[in-house]
Amino acid sequence: MKKVVKYSIFSVLGIFLILIIEHILTKKRRDKLTTEWLNNQSGFHLWCKPENYDKPFLVSAYSNTYSRIDGFKFKGNIYKISNGIITHIDKNGSITFLKSNASIVEKIVSIFETKLIQNAPDNTWNALFKSI
């Protein structure tokens, strides 16, 4: 019985270590990429909250941004985006969250973090909530 528990603990620790290494390597690979973090193919302008900054910036209709974003305001709704997630808005205004640049950990976190929000998670979101 003790051997089974011992092997189970080592298995869990091994998997955890692999996930951490994969997460670090994915982030390093992503830092070297030029990525459209938000691709807006709709006919609508939208506001984005940049990562680690509180002043929103405008993304025009039929354009994109290469800046990493924490979230965006589109048609009056505000969405929070987790790390590694690329957002695509098609010509009909449908939003798709792509996980191609996300690590396994970020893909799991995105299930809970990438979503429509009603309240500012912290003070850095206030300007986005007040934007037109």
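Pick from Ser100, Ser67, Ser110 the residue whose mean-square fluctuation is largest in a GNM of the chain, springs joining Cα atoms under 10 Å.
Ser100
Please find the FRET efficiency linking Asn77 to Leu17, where r is the Cβ-Cβ separation and R0 is fixed at 25 Å, and quote it to the nearest 0.05.
E between Asn77 and Leu17, to the nearest 0.05, is 0.05.
Starting with the fewest neighbours, write out Asp90, Asp70 ranked by other beta-carbon atoms found within 10 Å of each beta-carbon.
Least to most surrounded, the residues fall as Asp90, Asp70.
Using a simple spin-label model with points 7 Å from Cα along the Cα→Cβ vector, what separation in nm is obtained for Lys107 and Ala127?
According to this spin-label approximation, the distance is 3.5 nm.
Rounding to the nearest 20 debye, state how big the charge dipole of the chain is about its Cα centre with +1 on each Lys and Arg Cβ and -1 on each Asp and Glu Cβ.
It comes to approximately 400 debye.
Counting only DSSP beta bridges with both residues in region 9-132, what percent are antiparallel, rounded to the nearest 5?
Looking only at bridges with both residues in region 9-132, the antiparallel portion is about 90 percent.
Step through the table entries Lys49/Lys130; Lys107/Lys130; Lys91/Lys130; Lys99/Lys130, compare each Cα-Cα distance with 23 Å, and write down the pairs that go over it.
Lys107/Lys130; Lys91/Lys130; Lys99/Lys130
For the Cα atoms of the chain, what angle does the longest principal axis make with the long axis of helix 2-31, in degrees from 0 to 90, nearest 10?
With both axes taken from Cα atoms, the answer is about 30 degrees.
Pop a pseudo-label 7 angstrom from the Cα along the beta-carbon direction at both Gln118 and Tyr66 and give the gap in nm to one decimal.
Result for the modelled spin labels: 3.9 nm.
Using +1 at the C-beta of Lys and Arg and -1 at the C-beta of Asp and Glu, which of Leu19, Asn77, Ile108 has the Cα lying farthest in the positive direction of the dipole of the chain?
Result: Leu19, furthest along the dipole toward the positive end.
Bin by bin, in steps of 10 Å, what percent of the Cα pairs in region 43-110 do you find, going until the bin that has the longest distance?
Bin by bin from 0 Å, the calculated values are 20, 55, 24, 1.
Binned at 10 Å from 0, what are the whole-percent values of the Cα-Cα distance distribution for the chain, short to long?
The percentages, shortest bin first, are 12, 37, 28, 12, 7, 3, 0.
Every number in this text was worked out from the coordinates using simple rules, so none of it is lab data. Since this is a predicted model, take the numbers as computed values, not measurements. Quick reminder, even Gly has a Cβ in these numbers, built from the backbone with ideal geometry, and neighbours come from all protein chains shown.
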